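Contents: one structure, followed by commentary.
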Amino acid sequence: MRISIQEACQLLDNGDVVAVPTETVYGLAAKASDTNAIAKIFDLKKRPANNPLIVHLSDASQLNDYAKALPKDALKLCDTFWPGPLTLVLEIHLQSIPETARAGLPTVAFRAPQHPLAREIIDAIGPIVAPSANVSGRPSATLPEHVEDDFGKGFPVVDGGSCKTGVESTILLHTHSRWQIVRLGALPADAFTDTLGYTPTIAPTTQSDTIVCPGRLHRHYAPKALLHLHENAYDGSIPVVLGFDDRSYPGANAVLSLGNPQHPEQALARLYATLRQLDALGATDVWVDAKFPSEGLWKTLRERLSRASQAQHTP
Ligand code: TXA
Ligand code: MG
């Protein structure tokens with residue numbers, strides 16, 4: 001059910017959960033202070049309780065209400081990339097965010113989204129928590145229809161059309177005097193080089209026995225079909241192909257394209273909608289053309305496709 005901004009604010013104020021567009025993917029929003037609404041998010045998404053939520057702010061000044069002393073260059077990163085698809089994990093004053101939202105961690109992930117509709121909502125009602133608006137494990141939602149597919153036609157959605165970026169924010173964590181990437185996303189590693197004076201590397205999954213990004217442990221981004229990633233030429237072994245424009249897949253029955261093979265932004269923007277289309281086709285197995293570079297945003301695409309392909313097959 002499509003709702004207006006005013007209706008969304010009213011529902012959120014009343015302790016309900018609504019889907020909101022961001023420039024990356026749709027988010028399932030609740031007021032950041034509302035423990036009951038936060039419980040509803042975990043319930044609706046079937047999200048494991050150990051996977052914390054991102055708090056969405058209007059701007060960096062709101063960090064003062066939550067964060068302890070900010071690590072070096074945190075404000076520089078905010079100045080450069082907010083509003084936008086960058087999330088920073090910061091140590092917080094424990095009482096400032098409900099324990100369930102942060103899954104018991106002493107840190108919280110923050111970002112200031114760029115999408116005007118998300119911003120309007122946060123400006124009106126204050127910070128919101130918003131995980132991607134999909135049932136846990138499924139491809140994220142980049143259209144209102146995707147949200148409705150996962151949560152039902154009656155579920156309240158603010159319609160912002162198709163998400164421009166189409167893949168989640170990049171998440172950085174400051175550890176051992178450096179920022180490290182704990183989730184690849186819409187900003188490639190080298191986007192940070194000028195601001196930081198170094199290029200952040202990908203953090204290992206655990207550090208001193210602490211899990212750096214709980215979401216990395218979970219099944220993710222997966223369509224029902226099994227994805228088979230190939231870097232060699234198409235061999236006809238699987239009739240459904242996820243590929244690129246201007247490439248030939250002789251003998252394939254169905255080819256879904258991620259777009260121009262020179263444009264990783266385009267491939268990422270189309271990725272989740274295309275994975276959902278594979279389900280709509282009823283595909284059980286898909287031959288995925290993974291012949292593309294491993295640098296920059298291509299790295300994000302490869303990571304998402306690998307995660308989706310490792311996922312358990314759910315018939
Ligand atoms: O672009 C995005 O970030 C979207 C839009 C809606 O803003 N949101 C999003 O949220 O992707 P979600 O919940 O689907 O993914 C959040 C990720 C999870 O992998 C979670 O484990 C990680 O952020 N995360 C949250 N809090 C964390 C923390 N304190 N430390 C490390 N990772 C954290
Ligand atoms: Mg998600």
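Place a label point 7 angstrom from the Cα of N232 along the Cα-to-Cβ direction, then list the residues of the stretch 276-305 whose backbone nitrogen is under 18 Å away. Residues 286-292 fall inside that zone. Relative to the longest principal axis of the Cα atoms of the chain, the long axis of helix 264-281 makes an angle of roughly 70 degrees. Computed extension gain for L75 through A124, at 0.36 nm per residue and net of the alpha carbon distance, reaches 15.3 nm. The stretch 233-256 and the stretch 72-136 have Cα centres lying 40 Å from one another.
Round to the nearest 0.05 the FRET efficiency obtained for E145 and K224 when R0 = 22 Å and r is the Cβ-Cβ distance. So, using R0 = 22 Å, E works out to roughly 0.85.
The share of accessible area on the stretch 2-202 that comes from carbon and sulfur is 50 percent, using a 1.4 angstrom probe. By a straight-distance test (C-alpha under 20 Å), which lysines pair with K68 as possible cross-link partners, with residues fewer than eight away in the same chain excluded? Output for K68: K76.
Relative to the compact-globule scaling 2.2 N^0.38 Å, provide the ratio for the alpha-carbon radius of gyration of the stretch 54-100. Walk me through the numbers on the way to the answer.
Values: Rg = 10.6 Å, N = 47, 2.2 N^0.38 = 9.5 Å.
That ratio works out to 1.12.
Each stretch of four or more DSSP H residues adds -39500 (n - 2.57); spread over every residue of the chain, this sum gives -8000 deg cm²/dmol at 222 nm.
Taking only the C-alpha atoms of the stretch 195-240, the Rg (one decimal) and the largest Cα-Cα distance, Dmax (whole number), read 17.7, 47 Å.
Label sites at S33 and E91, each approximated as a point 7 angstrom past Cα along Cα to Cβ, lie 2.6 nm apart. Here the dipole of the stretch 226-310 is about 200 debye; that uses its Cα centre as origin and unit charges on the Cβ of Lys and Arg (positive) and Asp and Glu (negative).
Building the convex hull from the alpha-carbon atoms of the chain and averaging its projection over directions returns 15.6 nm². Qualifying trypsin sites (Lys or Arg not before Pro) in the stretch 148-201, where qualification requires a DSSP coil assignment and no more than 15 other C-beta atoms within 10 Å, comprise K153.
Here the peptides 81-87, 236-242 are ranked by packing, the mean other Cβ count within 10 Å, and the order with the highest first is 81-87, 236-242. Averaged per residue, the chain has 43 square angstrom of accessible surface, using a 1.4 angstrom probe with ligands and nucleic acids left out.
What does the convex hull of the Cα atoms come to per residue for the stretch 23-131, in Å³?
Details: hull volume 9.8 nm³, N = 109.
Taking only Cα atoms, the stretch 23-131 has a hull volume of 90 Å³ per residue.
Computed over the chain, relative contact order equals 19 percent, with contacts defined as Cα pairs under 8 Å that lie 6+ residues apart.
I'd like the trypsin sites (Lys or Arg not before Pro) in the stretch 195-234 restricted to DSSP loop residues with at most 15 other Cβ atoms within 10 Å, sorted by number.
Details: sites: R216, R219, K224; in loops: R219, K224.
Answer by residue number: R219.
Pairs from the table (K46/K224; K31/K224; K46/K72) lying more than 25 angstrom apart at Cα are K31/K224; K46/K72. I need the Debye-formula profile for the stretch 226-310: one equal scatterer per C-alpha, no solvent, reported as log10 I(q)/I(0) at q = 0.20, 0.21, 0.24 1/Å, two decimals. Log10 of I(q)/I(0), two decimals: -0.88, -0.98, -1.32. Applying both filters, DSSP loop and at most 13 other Cβ atoms within 10 Å, to the GluC sites (Glu not before Pro) of the stretch 141-235 gives E231.
The values are calculated or read from the model by the stated rules, or taken from the named source; none is laboratory data. This one's a predicted model, so the numbers in the text were calculated from it and none came from an experiment. FYI the Cβ positions are ideal-geometry reconstructions off the backbone, even for glycines, and counts take in every protein chain you see. Ligands, DNA and RNA are stripped out before the accessible areas are found, and what is left, the full protein with its side chains, is counted by its heavy atoms. Shrake-Rupley method; radii C 1.70, N 1.55, O 1.52, S 1.80 Å.
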